[in-house]
1. What about ALA85, is it aliphatic (A, V, I, L, M), at pLDDT 85 or above and assigned by TED's automatic domain parsing to the domain that holds VAL18?
2. Search the range 46-86 for residues being touching a Leu at 6+ places or on another chain (Cβ under 9 Å) and open to solvent by 70 Å² or more (accessible area, probe 1.4 Å), and hand back the single one that is nearest to TYR15 (Cα to Cα).
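The values are calculated or read from the model by the stated rules, or taken from the named source; none is laboratory data. All values reported here derive from a predicted model rather than from experimental measurement. Every residue, glycine among them, receives a Cβ derived from its backbone with ideal geometry; neighbour counts consider all protein chains shown. Remember, those area values only see protein heavy atoms, side chains included, never the ligands or the DNA or RNA. Shrake-Rupley method; radii C 1.70, N 1.55, O 1.52, S 1.80 Å.
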Amino acid sequence: MAMTVEQKHEGIGKYLVVYLCILALAGLQFAIAYQNITAAQMFRRMLSVALVEAGVAVMFFMHLWSEKRGFLLFVVFFTIFVLLAMQFGWTDSFRLTQCAGYCS
């Protein structure tokens with residue numbers, strides 16, 4: 001397996017910077033947790049920081065940054081589809097907790 005010139009000169013520096021950015025975002029979440037704000041505001045802020053943090057991790061540590069744009073869009077849309085499709089089971093789970101007429 002031959003390595004290209006770019007792969008030989010690509011060191012740990014880029015990954016260290018990305019790791020430090022993720023660490024800073026985690027620190028930001030820690031700071032948000034101790035703010036005196038409502039639960040809805042905290043949820044919005046924490047979710048937005050977590051999405052950015054996850055996006056950075058996926059783009060760099062899973063090497064999606066260097067993939068073709070079509071593949072990246074496929075991964076994004078497929079992930080959203082799977083997450084939305086998983087939500088259809090929640091209504092049935094509440095029906096099952098009430099026995100839905102099957103309990104004696």
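1. Details: aliphatic (A, V, I, L, M): yes; at pLDDT 85 or above: yes; assigned by TED's automatic domain parsing to the domain that holds VAL18: no.
When the stated conditions are applied, ALA85 does not pass them.
2. TRP65
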